[in-house]
Amino acid sequence: MVVVGLTGNIGCGKSSLSEILRQNSIDVIDADIISREIMDKKSLLTEIFNSFGEQIKREDGSLDRKKLGSIVFANDEKLIKLNNITHPAIKKEIKKRIEDIKANNRNIVIVDAALLVEGNFLDLVDKLIVITCDEKTQIDRILSRDNFTREEAISRIKSQMSQDEKLKFGDYIIDNSGDMNDLKYKANKLIAYIKENWCE
């Protein structure tokens with residue numbers, strides 16, 4: 001089985017590509033979903049509240065993700081601190097899910113994670129797809145999707161490794177500066193490429 005990483009910065013269309021791959025019967029492990037699930041674990045949540053303060057706790061005791069995001073994406077040290085708490089648990093769960101899919105005799109699994117490179121998750125994958133787009137398109141997508149101000153959007157972009165740096169790690173690059181039809185066309189080419197070149 002080939003384990004293929006899929007990464008790309010905010011607003012570049014990683015989730016859209018993942019959804020197209022799923023629609024083509026390819027298994028996708030979504031690190032964002034895993035991250036949300038592990039954030040509900042009491043021991044991890046306690047550690048996050050202890051590290052970042054009670055202001056990120058909602059009245060019902062759950063985590064206010066938006067408040068936590070505004071803290072960590074404005075401060076590199078705090079982002080590293082959060083990642084050091086969450087990444088080991090996320091990595092462990094991704095490994096488990098890869099093994100579960102492998103046990104079902106599937107031949108391709110995609111690990112969809114924004115921080116595959118920065119989070120030192122590259123050892124989990126055999127190949128890496130990087131999805132990219134021009135910065136104007138990236139900002140426009142973030143503004144229309146996430147209800148952010150332009151300043152918040154740029155802060156999120158700057159908190160991530162630059163696209164140029166990330167591209168150096170890619171085995172396959174997709175430029176998603178176009179529309180959804182263009183992405184579907186490129187996704188179909190990608191699937192054919194994986195099956196021809198990366199599958200045993």
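The values are calculated or read from the model by the stated rules, or taken from the named source; none is laboratory data. Keep in mind that this is a model prediction, so the values were computed, not measured. No Cβ is skipped: glycine too gets one built from the backbone with ideal geometry, and neighbour counts run over all protein chains shown. Protein only, heavy atoms only, side chains kept; ligands, DNA and RNA dropped before computing areas. Shrake-Rupley method; radii C 1.70, N 1.55, O 1.52, S 1.80 Å.
Tabulated data
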{"item": "The one condition in (1) assigned to a helix (DSSP H, G or I); (2) modelled with pLDDT of 95 or more that residue 144 fails to fulfil", "result": "(2)"}
{"item": "Subset tally (residues that are touching a residue at least 12 places away in the same chain (Cβ under 8 Å), out of contact with any strand residue (DSSP E or B) (no Cβ under 7 Å at 6 or more places or on another chain), assigned to a helix (DSSP H, G or I) and of a type in the set (Ser, Thr, Tyr)) for the range 159-193", "result": "1"}
{"item": "Entirely in the range 29-116, the helices (runs of 4 or more DSSP H) that have 3 or more residues that are within 29 Å of residue 151 (Cβ to Cβ) and open to solvent by 70 Å² or more (accessible area, probe 1.4 Å)", "result": "65-72, 76-103"}
{"item": "Filtered residues of the range 1-19 (kept if in a helix (DSSP H, G or I) and within 19 Å of residue 101 (Cα to Cα))", "result": "18, 19"}
{"item": "The range 117-132, residues that are among the charged types (D, E, K, R) and not in a loop (DSSP other than H, G, I, E, B)", "result": "123, 127"}
{"item": "Residue among 179, 171, 175 that alone is at pLDDT 95 or above, open to solvent by 70 Å² or more (accessible area, probe 1.4 Å) and closer than 19 Å to residue 3 by Cβ", "result": "171"}
{"item": "Failed item in (1) assigned to a helix (DSSP H, G or I); (2) touching a residue at least 12 places away in the same chain (Cβ under 8 Å); (3) within 20 Å of residue 21 (Cβ to Cβ); (4) open to solvent by 50 Å² or more (accessible area, probe 1.4 Å), with residue 156 passing the rest", "result": "(3)"}
{"item": "Residues that are among the hydroxyl-bearing types (Ser, Thr, Tyr) and surrounded by 15 or more Cβ atoms within 10 Å (Cβ to Cβ), drawn from the range 159-168", "result": "159"}
